[in-house]
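Throughout, read-outs are computed from the coordinates displayed, never taken from laboratory work. As the structure is a prediction and not an experimental result, all values here were calculated from the model. Here the Cβ is made from the backbone with ideal geometry for all residues, glycine too, and neighbour counts use every protein chain on show.
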Amino acid sequence: MRRGRPGALPRGGGTPHARRAMGEERTLTSVGPVDTGERTGEEDASRLWHITLSVSGAEAPLKEVRRGLEQLAHDHPFLLTSRYANDHAEIRYWEEARDLHDAAAVALRLWGEHRSTAQLPPWEIVGLEVIDRETYHQRIAEGYGPLPASPVGVHPF
């Protein structure tokens, strides 16, 4: 017995009723409709996500840490606040993204992608919190969660 791909025509063309019209798409029932990458309506709507990124590593001079975080804030004015010490820092900001996965992916790239341009310390990411805007405001209203970024800017712990 000869086996082939499911739905494939046998060699030699098969029967006329098994042939598809030119350009006609076949739906694969086992995997659902094909994602064309086109988005409509609510699927395309971005949401705001509150990001808290924590980094840590070997001690670095406080002046250099501050200067690097200030440069990062200058390059990316979306940063709300950064707190730092000589061996760790915390960056808080709002990210616009389609879903949590996209927001987290962008956040996880932030430190590494800007390490050389902002001359940031070679620290590793040790923490990441991503919460949607509604959850952020609910936590604030209930008296727990990250306090609003005040004052905005780069500050020591």
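Here is how the numbers come out for the structure above:
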quantity	calculated
Qualifying trypsin sites (Lys or Arg not before Pro) for the stretch 47-89 [loop in DSSP, other Cβ within 10 Å: at most 15]	none
Label-point separation, residue 45 to residue 102 (7 Å along Cα→Cβ), nm	1.3 nm
Cα pair distances exceeding 20 angstrom across the stretch 38-121, given as percent	36 percent
Local electrostatic count at residue 128 - Lys and Arg +1, Asp and Glu -1, tallied over other residues with Cβ under 14 Å	-3
